[in-house]
Amino acid sequence: MPQPYNLEGQAAVITGSTSGIGQHLAEALAKQGVNVILNGFGDAAQIEADRARIAAETGVKVLYHGADMTRPEEIADLVETARREFGRLDILVNNAGIQHVAPVDEFPPEKWDAIIAINLTSVFHATRAALPLMKAAGRGRVVNIASAHGLVASPFKSAYVAAKHGVVGFSKSAALEVAKQGITVNAICPGYVKTALVEAQIADQAKARGIAEDRVVEDVILAVQPSKSFITYDQLSGLLLYLVSDMGGGTTGAAYTVDGGWTAA
Ligand code: NAD
């Protein structure tokens, strides 16, 4: 049986992969034989347990790097670690992200700055560090986890919507620059996935709108998702694996929705 993705022995960095979508995407790559570097915050013992479990279950090398996505020099060191430890970087998944929900006139400026730094500017810093390695290899894949909010807006999410629209625009511009060098840059735009980030939003939205949490799920969150169900991790990793494989080689500068029909409405 041919392996459809043919990724064995490649190396990947996945930012924000200590929980939620990033952790699942890192595991999906590891299951295909890709050596991975995990990144993100959290309880050190839990991170080490997850790292060891993924390594044991998949047989690939799994490293952890604690780079803070607000610190350009730490982001550069994250990419440099792939070069030093694996001698290559085939796949960069820019996934780290945070959210804050508040009306514009009450939006704390420090939250704005943090969202722009982590959700948008870190994508530039990581891609900037990764492209020379990919150019030297004549091949590379950058996949940026944007959001349906990279294409359409919702109220009370000004910083997040601005950052995610920025990620889609950055992906297009970078894609054009490296289109002839075997490197693709794409954005994935998920609808709602029930991760810690969304669980926190349910509570925040309830406060901002003055309604109960179960009503937020029905009337606010899944109201915009015509499928009326949360997006699953496997639905996202399926697209990621396509994009990073040779089959995805003709796709660049694209923003792919996995949103249950949200942005079609
Ligand atoms: P999550 O909170 O479960 O995971 C976020 C990850 O980013 C964690 O590993 C966290 O430690 C890391 N992180 C946060 N700040 C960081 C920093 N300064 N430096 C390094 N790492 C940092 O969230 P998630 O829902 O899995 O979201 C992952 C990505 O998917 C985000 O970019 C988010 O915007 C996007 N997204 C999520 C949804 C959804 O419904 N959950 C929908 C669309 C897009």
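The values are calculated or read from the model by the stated rules, or taken from the named source; none is laboratory data. The structure displayed is predicted, hence computed values, not measured ones. All Cβ positions, glycine included, derive from the backbone under ideal geometry; neighbour counts span all protein chains shown. Ligands, DNA and RNA are excluded from the accessible area calculation, which covers all protein heavy atoms including side chains. Shrake-Rupley method; radii C 1.70, N 1.55, O 1.52, S 1.80 Å.
Residues considered: 162, 203, 44. Largest GNM mean-square fluctuation over the chain, using C-alpha springs under 10 Å, is found at 44.
Compute the accessible area per residue over the range 1-104, keeping the other protein chains in place, probe 1.4 Å, unit Å².
Dividing the accessible area of the range 1-104 by its residue count gives 44 Å².
Shown for the range 158-265: lysine pairs separated by 8 or more places, or found on different chains, whose C-alpha atoms are under 29 Å apart, numbering 10.
Taking 13 Å as the cut-off, the amide N atoms of the range 230-257 that come nearer than this to a point 7 Å along the Cα-to-beta-carbon line of residue 194 belong to 230-233.
Show which aspartates and glutamates lie in cross-link reach of residue 61 when reach means a straight Cα distance below 20 angstrom and same-chain residues fewer than eight apart are skipped. Straight-distance partners of residue 61: 8, 27, 48, 50, 77, 80, 85, 90.
Here the sum of -39500 (n - 2.57) over DSSP H runs of 4 or more residues, divided by the residues of the chain, equals -13500 deg cm²/dmol at 222 nm, to the nearest 500. Working value for the chain: equivalent-ellipsoid semi-axes of 29, 19, 19 Å, each the square root of 5 times a Cα gyration tensor eigenvalue, largest first. Size descriptors for the range 141-250: radius of gyration and Dmax over Cα atoms are 16.1, 52 Å. Note that the range 112-128 has calculated 3J(HN,Hα) couplings of 4, 4, 5, 5, 5, 5, 7, 7, 10, 5, 5, 5, 4, 4, 5, 5, 4 Hz, one per residue in order, obtained from phi through the Karplus relation 6.51 cos²θ - 1.76 cosθ + 1.60 (θ = phi - 60°); glycine and proline are x.
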